[in-house]
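See below for the structure under consideration.
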Amino acid sequence: MTTRQPPLLALEQIVFSYPDAAPALRGVSAAIHRGERIAVLGNNGAGKSTFFLICNGILQPQQGTVYADGQPVSYTRRGLTALRRKVGIVFQDADNQIIASDVESEISFGPMNLRLPQEAVQQAVDEAIRQMGLGDYRRRAPQYLSGGEKKRVSIADILAMQPEIILLDEPSASLDPKNTALLEETLEQLSASGITLLVSTHDVDFAYRFADRALVFHDGRIIADDTPACIFSDAALVRTAGLKRPLLFEAARLVQQACPALTFAQPPKTLTEFAHLLGVQPE
């Protein structure tokens, strides 16, 4: 008989309020398992960013418990270091995360703070640079990089800590279409390497393509935890959360209304899948 492993991270009835404000989280519970690709959805002020800060230990819950590998998180220096090594966070604005004078120094900052041996730090930095394709940027000053390049540096910052979970807060914000596509390729590679990814985003088309699970926040609560297809099929939920349906999801629904004989197991997630649904070849 096999024993199921505990979640990598679990939150149980988390409550948190900022001073002189309504509760940002109202009894939030969620379990994050190895290898998941999770979209975190909801309108502004729904609690998504606070949820991420609790997951990473930047904020401590006022009520409730956070568990890492089944054990309650200790908010001591040692406990928080262990949590932040397990759970890395990439902030929306890369400029708020980057502090060093060149790319290599920036990426080495986290591993050095873990007080790893110099050889281990260099290995972690070299691997993060390789994964993010930053070999030509080692000596470059981060402030002179493009928005997409800065985003890759901020992800490399976290990769050098060798986390099991990466939280990304609106990672495609301010990126042009080319860099957005490169970011999606990067997330695919990270997922393929076994890293668990949680992506907070307003881009429902990306969320539908990328995620195998979605958490929907509204007014400080998680009001849905299901597959993206199930969530976007629920019209009342979509309205309550202030979301919209992904374009291909909605197009497939309209096509099926017009052609009831056309059936499919699930709505298409990509243009290629949509073309195959219609029986045509994409260009």
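The values are calculated or read from the model by the stated rules, or taken from the named source; none is laboratory data. Since we're looking at a predicted model, the values are computed, not measured. Virtual Cβ from ideal backbone geometry, glycine too; neighbours counted across all protein chains shown. Remember, those area values only see protein heavy atoms, side chains included, never the ligands or the DNA or RNA. Shrake-Rupley method; radii C 1.70, N 1.55, O 1.52, S 1.80 Å.
Assorted remarks:
- About its Cα centre, the dipole of the chain is roughly 540 debye, where the only charges are +1 on Lys and Arg Cβ and -1 on Asp and Glu Cβ.
- Judged by the mean number of other Cβ atoms found within 10 Å, the most tightly packed of the peptides 263-272, 64-73, 152-161, 242-251 leads the ranking 152-161, 242-251, 64-73, 263-272.
- Cα-based shape type of region 130-283, given that a ≥ b ≥ c are square roots of the gyration tensor eigenvalues and the cut on a/c is 1.5: prolate
- What region 205-283 shows is 56 Å² of accessible area per residue, with the surface traced by a 1.4 Å probe over protein heavy atoms.
- In degrees, nearest ten, helix 118-131 long axis to first principal axis of the chain (Cα): 20
- Remark: region 220-235, residue by residue, has Karplus-estimated 3J(HN,Hα) of x, 10, 8, 9, 7, 9, 7, 5, x, 4, 5, 5, 6, 7, 8, 4 Hz, where x stands for each Gly or Pro and the curve is 6.51 cos²θ - 1.76 cosθ + 1.60 at θ = phi - 60°.
- Counting Lys and Arg as +1 and Asp and Glu as -1 over every other residue whose Cβ lies under 13 Å from the Cβ of Ala68, the net charge comes to +2.
- Placed amide H near Ile222: partners under 5 Å, 5+ positions off or other chain: Ser29
- Apportionment of accessible area to carbon and sulfur, the chain, percent (1.4 Å): 51
- Anisotropy class of region 9-122 from Cα gyration tensor, a/c 1.5 cut: prolate
- Crossing angle, helix 77-86 versus the chain [Cα axis fit, 0-90 degrees, rounded to tens]: 40
- The chain: C-alpha gyration tensor shape, a/c 1.5 cut-off, then a/b vs b/c: oblate
- Under the Karplus curve 6.51 cos²θ - 1.76 cosθ + 1.60, θ = phi - 60°, whole-Hz ³J(HN,Hα) for region 138-148, x wherever Gly or Pro sits: 3, 9, 7, 6, x, 5, 9, 7, 6, x, x
- Within the chain, percent of DSSP bridges classed antiparallel, to nearest 5: 55
- Accessible area (Å², per residue) of region 26-177, counting only protein heavy atoms and a probe of 1.4 Å: 47
- Near Leu168, the amide H atoms lying under 5 Å from its own belong to Val90, Leu198, Val199, Ser200; only residues 5 or more places off or on other chains count, and H is placed 1.01 Å from N.
- Put simply, the amide H of Arg213, placed in the peptide plane, has neighbours under 5 Å in Arg37, Ala39, leaving out anything fewer than 5 places away on its chain.
- Using θ = phi - 60° and Karplus 6.51 cos²θ - 1.76 cosθ + 1.60, couplings along region 151-167 (whole Hz; Gly, Pro as x): 4, 5, 5, 5, 6, 4, 3, 6, 4, 5, 7, 6, x, 9, 10, 10, 9
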